Amino acid sequence: MIEETKYPSLWKMVASFTLSLIEYVKGGQPVTTPVEYAKRLKICNACPHLKRENFRCGKCGCLLEFKARWATSSCPDDPKRWDTAIQAKEKNEG
């Protein structure tokens, strides 16, 4: 039986979003390239933590349309899915 992913508490979601927003603004509001954004969304789409009804991350509660766009953001899973999948693909192509 697959265990349903639950959102973190409201407090944790607010804290996570606030920290991500601060990092994004301090970094000059960098965004990913369209290719990187598409890769991140594809990875999220295959993730078991994805809350499909509103396309939110079940690990941090963030709206993925924003989190995946901000270049300063990272996947909250362990190991981080974005970094792992993208690095593996680059290694295989190189």
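No lab work stands behind these numbers, since they all come straight from the coordinates. These figures come from a predicted structure and were not determined experimentally. Note that each Cβ is placed from the backbone with ideal geometry, even for glycine, and that neighbours are counted across all protein chains shown.
Here each label is just a point 7 Å from Cα along the line to Cβ, and for K26 and A46 those points are 3.3 nm apart. Given their separation in residues at 0.36 nm each and the Cα-Cα distance between them, D83 and K12 gain 23.3 nm when the chain is fully extended.
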